[in-house]
1. Against the conditions (1) modelled with pLDDT of 95 or more; (2) in a loop (DSSP other than H, G, I, E, B); (3) away from the ligand (no atom under 16 Å from the Cβ), where does I508 fall short? Just the number, please.
2. Would you check which residues across the stretch 76-108 are small (G, A, S), within 14 Å of the ligand (Cβ to nearest atom) and out of contact with any Pro (no Cβ under 8 Å at 6 or more places or on another chain) and list them?
3. Within the stretch 364-390, take every residue that is over 27 Å from the mean Cα position of the chain (by Cα) and outside any helix (DSSP H, G or I) and give me the one that is surrounded by the most Cβ atoms within 10 Å (Cβ to Cβ).
4. Does the stretch 470-478 contain any residue that is surrounded by fewer than 22 Cβ atoms within 10 Å (Cβ to Cβ) and not charged (D, E, K, R)?
5. Can you report the number of residues in the stretch 497-546 which are within 18 Å of G561 (Cα to Cα) and of a type in the set (A, V, I, L, M)?
6. For the stretch 391-496, which strands (runs of 3 or more DSSP E) that fit wholly inside it have 3 or more residues that are β-branched (V, I, T)?
7. Please give the helices (runs of 4 or more DSSP H) falling wholly within the stretch 24-133 in which 3 or more residues are at pLDDT 95 or above and outside the structural domain of S516 (by TED's automatic domain parsing).
8. Just to be sure before I move on: is A310 of a type in the set (G, A, S) and surrounded by fewer than 23 Cβ atoms within 10 Å (Cβ to Cβ) in the structure I sent?
Amino acid sequence: MAKKRRTPEEASIDSSTQEMLVLAEGLGIGTAFTRADDMAACPIGADGLCCKICSMGPCRITKDGQTGVCGATVDTIQARNLVRAISAGAAAHSDHGRDMAFTLKAVANDETEGYAIRDIAKLRTTAAIYDIPIEDRAPKEIANDLADLYIAQFGQQKGELALVKRATKKRQKLWKEKGVTPRGIDREVVEALHRTHIGDDQDAEHLMQHAIRTALADGWGGSMIGTDVSDILFGTPAPVLGQANLGVLREDMVNVVVHGHEPTLSEMIVAASQTPEIIEYAKEAGAQGVQLSGICCTANEILMRQGIPAAGNFLQQELAILTGAVEAMVVDVQCIMQALVGLADNFHTDIITTSKKVKIKGATHIEFNEHKALTIAKDILRHAIDNFKNRGKVHIPDDRTDLVPGFSHEYINYMLGGSYRASFRPLNDAVMSGRIRGIAAVVGCNNPRSQHDQLHTYVTKELLKQDVLVVETGCGSIACAKEGLLLGEAGLDQVGPGLREICETIGIPPVLHMGSCVDNTRILTVLTQIAQEGGLGEDVEEIPAVGLAPEWMSEKALSIGTYCVASGAYVIFGGSSPVSGKPTRVPDSDLVTRIISEGWEEDYGGKLEFIPDADDMIQATLEHIDKKRADLGLPEYDPDKYGQSGDARMTELESLPLAERRESIYGVAAD
Ligand code: NFS
């Protein structure tokens, strides 16, 4: 019997998504939502109890005490599966970082077309961290040295990754003591694959220790390189005005949707779309011009730098095509559903793959290469424009919301004190006083197994009411953008009184969009700088902060969660745990769960937990924040203490007799 399908309202909280799901149903076209309904997840695999590592199996551990054919225990099998997933995530992020480093090298040597070093200040500050000489040197000379240093991190065999020196001293020492400081990015990923081969590492604790090392090679390696180089080449983000949701597609324009992760191509497409020759070419085809928009993290990259609108997050990639208004969906790497090609066959949309690493059967392949970047970007756009005449019936939901993205750690530092005294001091003070109860990073994917966008937005809204400042990246940030939470106005009417004072004073939204998933390293930097600023402990683990990935689905998310834990953060994932084991079936299968929670907390001060229920997630977050506040000796969070900022407070004070006024201000009675 076919499984029951969810209604559009059950599948997503986003009205434009609901509208497109109704349309899809009418057309008899399936999407990830219906496929998830039709496909029951394998419960054995979901719990990490299936081993497919060699061909003596696959072995499925369903009974207490059972082992694989080789004798591998449930703990070994779960740990191996998790290590492999984390290393695949680390590999994906890091290979993106590698490509960025090679692009920087090529730009430094004048081998590219269309690129420039846009942020010389960031180039200089970044190079200086590694003692690369910067005085009296041309930007390209510095960039060449930085690119060499970054490229070398991938193949480095011994010693420590250069980037770990950006962590707190205490953290660096801890990693060294625990033997988890990454040696080289590729080395850790390869070793993870080696150790999880049949007949290798078979001690769950030892395996998970290497998961930490591999994930650190991502967070304090490949991903951090990706963020640094993107900023240097395309500019460090600062707030801009953008829009999000499917309504950014335009009926009167050629719609090109860029989807994937690397900004190298999408930035060139942005540049090419604004050239007179392309605008003219589009007009000749009968369109007003080219409307560029993004999906997934490519969207975040160009949204936060150029204000290019986001058509949606992960689960909206198919829906963009269903509008019938997309001439080309240009994809590079990661999070691209194979279903796009079959879906596009129902419309005129062309799916264009561009990466050397990614082809999808049935898609048009126009390979990108940075040496002819602008030429290729223009070719892709002409290809899309030529397709405009084939457009049939169009259905674009009238749904788009403004947002202000672009809160890089550099900008957060600047916004708190201006160029005169940029500093994290005001943020630390706000947390210490209790105006801000704590900080939450709500990040990560969509997953059709849960109601689209619901967990992201619900958790975020509830935490804001509790005076928790929220930072976001990835598809979660697009979810909240669509709900209007990334606007200054949300800081006035959707937040607790203390946080409202902060948002009002600085003029920021209560949810700060910090970029793509690779940019989760910006969160590591912010937390490190908060620790270094003083008053909130010496290291990340002491800060009242929590990371959440409520709708996660990718291996990259597991790598991010693990490097955040290794950096000292409490990380909560929604959905189901890939190492849960069901106690009724395999009662002793919670060792890996204990290692990544209690075990890692003891060793690294951070822990990874899987909490499916949204209210439980919120409660765990607030409890953790309050515990960290108490450990630091900070005043207990009091929702009634703040909230009457500025003139209203002054007027009220002036109406009081002097003694009461004094008591109200200083909290002590008059003598
Ligand atoms: Ni992150 Fe970006 Fe989205 Fe998840 Fe995929 S796009 S790198 S993995 S789905 S947040």
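The values are calculated or read from the model by the stated rules, or taken from the named source; none is laboratory data. Keep in mind that what you see is a predicted model, and the values were worked out from it rather than measured. Counting neighbours? That spans all protein chains shown, and the Cβs are built from the backbone with ideal geometry, glycine included.
1. Of (1) modelled with pLDDT of 95 or more; (2) in a loop (DSSP other than H, G, I, E, B); (3) away from the ligand (no atom under 16 Å from the Cβ), only one is false for I508: (1).
2. Step one: filter the stretch 76-108 for residues small (G, A, S), giving 79, 85, 87-92, 94, 97, 101, 106, 108.
Subset that is within 14 Å of the ligand (Cβ to nearest atom): 85, 88-92, 94, 97.
Selection gives A88, G89, A90, A91, A92, S94, G97.
3. Applying the first criterion (over 27 Å from the mean Cα position of the chain (by Cα)) to the stretch 364-390 yields 364-366, 371-372, 374-376, 378-390.
Applying the additional criterion that residues be outside any helix (DSSP H, G or I) yields 364-366.
On the way: T364: 15, H365: 14, I366: 17.
By that ranking, first place goes to I366.
4. From the stretch 470-478, those surrounded by fewer than 22 Cβ atoms within 10 Å (Cβ to Cβ) are none; that's our starting set.
No, the conditions are met nowhere in the stretch 470-478.
5. Counting residues in the stretch 497-546 that are within 18 Å of G561 (Cα to Cα) and of a type in the set (A, V, I, L, M) gives 10.
6. Working: elements: 401-403, 438-442, 468-472.
Result: 468-472.
7. Details: elements: 32-38, 43-46, 74-108, 120-129.
Answer list for the stretch 24-133: 32-38, 74-108, 120-129.
8. Values: of a type in the set (G, A, S): yes; surrounded by fewer than 23 Cβ atoms within 10 Å (Cβ to Cβ): no.
Here the answer is no, as A310 does not meet what is asked.
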